[in-house]
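The values are calculated or read from the model by the stated rules, or taken from the named source; none is laboratory data. Model, not experiment: these values are computed from the prediction. Quick reminder, even Gly has a Cβ in these numbers, built from the backbone with ideal geometry, and neighbours come from all protein chains shown. All accessible areas refer to the heavy atoms of the entire protein, side chains included, with ligands and DNA or RNA removed. Shrake-Rupley method; radii C 1.70, N 1.55, O 1.52, S 1.80 Å.
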Amino acid sequence: MISDPPKNRDWWPALEDLRLKDTAVVVLNTSIENPPKLVRHLWNNSWLRVTVDGGTNKWHNFVKQHSFDDLKYPDLITGDLDSANLAVVEQFVTMGSKIIPTPNQDETDFIKALKEVKKYSEKNSKSIDSIIVMVNMCYRVDHFLSNLNTLYKSKTKDLYFNEDIYLLGRNSLTWLLQAGTHRIHVPQSLRLHPENNYVGFFPMGSTCKQCTTTGLKWNLSGKLMEMGGLTSSSNTFNGEPIVTITNSSPLLWTMTMGYEESF
């Protein structure tokens, strides 16, 4: 079960506005299809940069495909390394990357990477606010569902992270809304073209007995949400600057971001 009491939170999902000096970026084994300038901005300006197993190959491919000459190397390379090209790993090591093998097969590389981020920040007496994870949000349904499961587990008593964890897909951003009241500050570019920008929210872990929203085209008022029952998909904004959500138990929130227009 989720361990936190109800929260009142404000969220600013424009990634370019995050305090990146207090952020870690993690690249899982997925193609990097985000706008290259956005990736460069997030990667170079974050406090910690991590590639996970085959994600090391994907980062190496990204570096080769784009003409940036100032991309930093990964600080950490984690995972069981069964998918990583050892020549690529060794190349990054010569540049300063540190290998942290995590061979435990009872946990996913994603979970193990989150644990290593926490260890590294604690060792360096650094408090980080956010972890941005470049993930597979398509192609492999098992990977997609596993990533959502890890996101949920990251806020449970057995594996708790204070940091906000964002899943960054090709053109989407997804995170967990714990029980409470949330104010999501909608970037102006998304409010101007709601017909091209979609949101969805789904109960995670259990039935959400009450959910009330404002700021959406199709709002809910005290509705029960559950898988097999009511969920919200292909919703969108109504032009207001803030979306509010009051939920009695955790919800998964996901939204398209229109990064191509801003980067």
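Run down 123, 64, 37 and say which single residue is closer than 24 Å to residue 156 by Cα and over 17 Å from the mean Cα position of the chain (by Cα).
Residue meeting the stated conditions: 123.
Within segment 50-71, identify whether any single residue is of a type in the set (D, E, K, R) and touching a Phe, Trp or Tyr at 6+ places or on another chain (Cβ under 9 Å), and answer yes or no.
Among the residues of segment 50-71, not one is of a type in the set (D, E, K, R) and touching a Phe, Trp or Tyr at 6+ places or on another chain (Cβ under 9 Å), which makes the answer no.
If you go through segment 184-203 one residue at a time, do you hit one that is in a strand (DSSP E or B), open to solvent by 60 Å² or more (accessible area, probe 1.4 Å), out of contact with any helix residue (DSSP H, G or I) (no Cβ under 9 Å at 6 or more places or on another chain) and over 28 Å from residue 26 (Cα atoms)?
No; the residues of segment 184-203 include none that is in a strand (DSSP E or B), open to solvent by 60 Å² or more (accessible area, probe 1.4 Å), out of contact with any helix residue (DSSP H, G or I) (no Cβ under 9 Å at 6 or more places or on another chain) and over 28 Å from residue 26 (Cα atoms).
Listed residues 173, 148; which is in contact with a strand residue (DSSP E or B) (Cβ under 7 Å, 6 or more places away or on another chain), open to solvent by 10 Å² or more (accessible area, probe 1.4 Å) and in contact (Cβ under 8 Å) with a residue 60 or more places away in the chain?
Sole residue among the options that is in contact with a strand residue (DSSP E or B) (Cβ under 7 Å, 6 or more places away or on another chain), open to solvent by 10 Å² or more (accessible area, probe 1.4 Å) and in contact (Cβ under 8 Å) with a residue 60 or more places away in the chain: 148.
Give me the pairs, please: first residue somewhere in segment 235-258 and closer than 16 Å to residue 185 by Cβ and in a strand (DSSP E or B), second residue anywhere and modelled with pLDDT of 95 or more and among the basic types (Lys, Arg), beta-carbon distance under 6 Å, and either six or more positions apart or on two chains.
Hits for this filter: 242/183; 244/183.
Looking at (1) touching a Gly at 6+ places or on another chain (Cβ under 9 Å); (2) under 25 Å from residue 48 (Cα atoms), can you tell me which one residue 168 breaks?
(1)
Return a yes/no flag: does segment 130-138 have any residue that is surrounded by 19 or more Cβ atoms within 10 Å (Cβ to Cβ) and in contact with a Pro (Cβ under 8 Å, 6 or more places away or on another chain).
For segment 130-138, residues surrounded by 19 or more Cβ atoms within 10 Å (Cβ to Cβ) and in contact with a Pro (Cβ under 8 Å, 6 or more places away or on another chain): absent.
Find the residue count for segment 103-131, including only residues that are in a loop (DSSP other than H, G, I, E, B) and either modelled with pLDDT of 90 or more or under 23 Å from residue 22 (Cα atoms) (or both).
6
Quick check: anything in segment 77-86 touching a helix residue (DSSP H, G or I) at 6+ places or on another chain (Cβ under 8 Å), open to solvent by less than 10 Å² (accessible area, probe 1.4 Å) and among the acidic types (Asp, Glu)?
Checking segment 77-86: not a single residue is touching a helix residue (DSSP H, G or I) at 6+ places or on another chain (Cβ under 8 Å), open to solvent by less than 10 Å² (accessible area, probe 1.4 Å) and among the acidic types (Asp, Glu).
Among (1) open to solvent by less than 10 Å² (accessible area, probe 1.4 Å); (2) part of a loop (DSSP other than H, G, I, E, B); (3) among the hydroxyl-bearing types (Ser, Thr, Tyr), where does residue 221 come up short?
(1)
Can you tell me which of 70, 17 is within 16 Å of the chain's Cα centre (by Cα), open to solvent by 10 Å² or more (accessible area, probe 1.4 Å) and under 30 Å from residue 187 (Cα atoms)?
Result of the check over 70, 17: 17.
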